[in-house]
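Below is one structure, written out as C-alpha cells; the observations come after it.
The values are calculated or read from the model by the stated rules, or taken from the named source; none is laboratory data. A quick note: this is a predicted structure, and the numbers were derived from the prediction, not measured. Glycine gets a Cβ as well: all are built from the backbone with ideal geometry, and neighbour counts include every protein chain shown. Note: accessible area is taken over every heavy atom of the protein model, side chains too, but ligands, DNA and RNA are not part of it. Shrake-Rupley method; radii C 1.70, N 1.55, O 1.52, S 1.80 Å.
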Amino acid sequence: HESARGDGSPEDSLRAQAIETIQAAGRQLLAIINDILDLSKIEAGKATAERIETPVLKILRELEGLMRPRAAGKGVALSLRLDSVLPERVMSDPTRLRQILMNLIGNAIKFTDAGTVTVRICAEPGGETSELARLVIDVEDTGAGLTREQERKLFAPFSQADTTVTRQYGGTGLGLTICRRLAALMAGSVTLVHTSPGRGSCFRVDLPLEPAPGSPLATNLAASADDE
C-alpha cells in the first residue's frame, strides 16, 4: 500500500510522531523494569561483583564518546580529565563500573541545561584507616543543584528531589540507589561531594585501586594499545 511507505503527507507525519512516542515510552518502561530488577537482585543478595582486569581509561573514553552527542544536543560541554598518573588497567568489575558511570554522567547531563559536565579521574593514597590506594572519579556539573531538603532524599529508593523534578526530567528515582549499592559490592562508595541550587553538583565514585599485573601507567587520556 502506497501510504504505508510514506509520501510526506500529514498523515505520514502524524504516524511517524506516534511511532516515535511509542518507542520513547517503550524505552522508558524498559529502563524502569531494569532498575527495579537490578535493585531487587541487589537487595536479595544475588548481585555480585567481579575482580578482573578493567581498562578504566578506555571505559571512560568510550562513555565520553557515547554521551557526548546527548550533551551536545543540549548545548552542554562534556569533558574528561586525568588529574594524576594512573594505571591503564585496574582490578575491578568493568560491567559494574560502566553502569555506575553511565548513570552518573547521564544524570549530570540530564539535569544540566547550560554549561559543562566534567569527569575527573585520579589516584589517591589510602587514608588513616587503610593503606590501599583509591581510584577516585568525580562527575561535576553546572546544572540545577540541590537544596538541603532535596539532599536528604537523594539516595532513598524511588525518590527524586521533588515532584517537579519527576515531571520535568522523568526517571524512577532508583539510579543513585543502585549506583551506591553496586559501588558497595566493589568495596567502594558513591557520595555527593557538593551541591548548590542553580550552581550544580559533584558526585564521587571511590573504589579500591589495585593495578592489574603488568599494566602501564598513563599520564594522559590518549588511546593506548588497550583500545585496539
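The table below lists the values:
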item	result
Conditions (1) under 26 Å from Glu64 (Cβ atoms); (2) open to solvent by 60 Å² or more (accessible area, probe 1.4 Å); (3) at pLDDT below 90; number of the one not met by Arg167	(1)
Residues within segment 187-220 that are surrounded by 14 or more Cβ atoms within 10 Å (Cβ to Cβ), aliphatic (A, V, I, L, M) and under 16 Å from the mean Cα position of the chain (by Cα), tallied	4
Residue among Thr112, Thr116 that is of a type outside the set (Asp, Glu), on the phi < 0 side of the Ramachandran plot and open to solvent by 50 Å² or more (accessible area, probe 1.4 Å)	Thr116
Neighbours by Cβ (under 6 Å, 6+ apart or cross-chain): first from segment 196-216, closer than 30 Å to Ala114 by Cβ and among the hydrophobic types (A, V, I, L, M, F, W, C); second open to solvent by less than 60 Å² (accessible area, probe 1.4 Å) and assigned to a strand (DSSP E or B)	Cys202/Asp138; Cys202/Glu140; Phe203/Val139; Phe203/Leu192; Val205/Ile137; Val205/Val190
